[in-house]
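Peer 1: I'd like to ask you about the structure that follows.
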């Protein structure tokens, strides 16, 4: 939203305008006294010149206030400055011709210095006008930058919301597949999983996607998720969450870890025969929260089918929030897949 016109009139600092008018007064007084040596006349001329310049400054600001902002050009300010300078100088001449001071030489001196007065007034008014246009242009650029930042933030928020909404159906689809697999062979376990899924979503939906949550709360939801998966896979799936007390109060954007754990379950169970252990370690390194997820893997036995959407969306979400691409790392060593999530803490 652009600022109102009033902000471009007598702008910003009253002290600057007082100094400007004082300099005009001093310049007019000094030059007139130097040429004529008459104190009273010099003071009168200085006062009249100061009033004239003050009126001129207001007029040129009013005129340029409605000049469209775009690429700054010099000719509008020069033209306006020249018109105002000539007009005010002519009005001054009329005042001196009216003999309002009993100094016959005043009119002659005024006419002799008229060209100098018009030139100086034009230059000063041009400077004022150029400053007005520069301020307007700077304000427009600032407003445009703010609008662009607002649009970028809205776009980022929309994409974050989209990614989060994509994760919810992804997990729900996996959970429903798990329940479907249990319905025939173990209805009791299926009912238990339905209840667990309801509890999970009850806590999940309370999470505000724009808020940072304590890692302790995040681990509670991860524990609910792993409990659901353990109902499905039975003794094959074991999990361990290590959350030291000193790190429990650290915070992270909500539901940031779920994609890592889903990936560990998928590739751990489908890629390895026999029982597996998924371990989640939470720690602090300097000003960063570190969450490490470890699961066994075996490339020779093949991985579970999947598009890898979870890790890709997590990487994208981290970039949108922090503007960094180095916060999610992973490696595979001796049949162990390790993914590490780094969350810089707010200062």
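Peer 1: What's the total number of residues in segment 232-261 that are modelled with pLDDT under 90, crowded, with 20+ Cβ neighbours inside 10 Å and over 13 Å from residue 341 (Cα atoms)?
Peer 2: Matching residues across segment 232-261 total 2.
Peer 1: How many residues does segment 205-237 contain that are closer than 17 Å to residue 275 by Cα and in contact with a helix residue (DSSP H, G or I) (Cβ under 8 Å, 6 or more places away or on another chain)?
Peer 2: Number satisfying all stated conditions: 9.
Peer 1: Can you pull out every residue in segment 262-285 that is part of a strand (DSSP E or B), in contact with a helix residue (DSSP H, G or I) (Cβ under 7 Å, 6 or more places away or on another chain) and more than 11 Å from residue 239 (Cα to Cα)?
Peer 2: Passing the criteria: 282, 283, 284.
Peer 1: Would you pick out the residues in segment 190-229 that are at pLDDT 85 or above and not in a helix (DSSP H, G or I)?
Peer 2: Matches in segment 190-229: 212, 213, 214.
Peer 1: Looking at (1) free of Cβ contacts under 8 Å to residues at least 40 places away in the same chain; (2) surrounded by 17 or more Cβ atoms within 10 Å (Cβ to Cβ), which is the one condition that is false for residue 214?
Peer 2: Of (1) free of Cβ contacts under 8 Å to residues at least 40 places away in the same chain; (2) surrounded by 17 or more Cβ atoms within 10 Å (Cβ to Cβ), only one is false for residue 214: (2).
The values are calculated or read from the model by the stated rules, or taken from the named source; none is laboratory data. Predicted model, so just to flag it, every value in this text is computed and none were measured. Methodologically, a virtual Cβ is constructed for each residue, glycine included, from the backbone with ideal geometry; neighbour enumeration extends over all protein chains shown.
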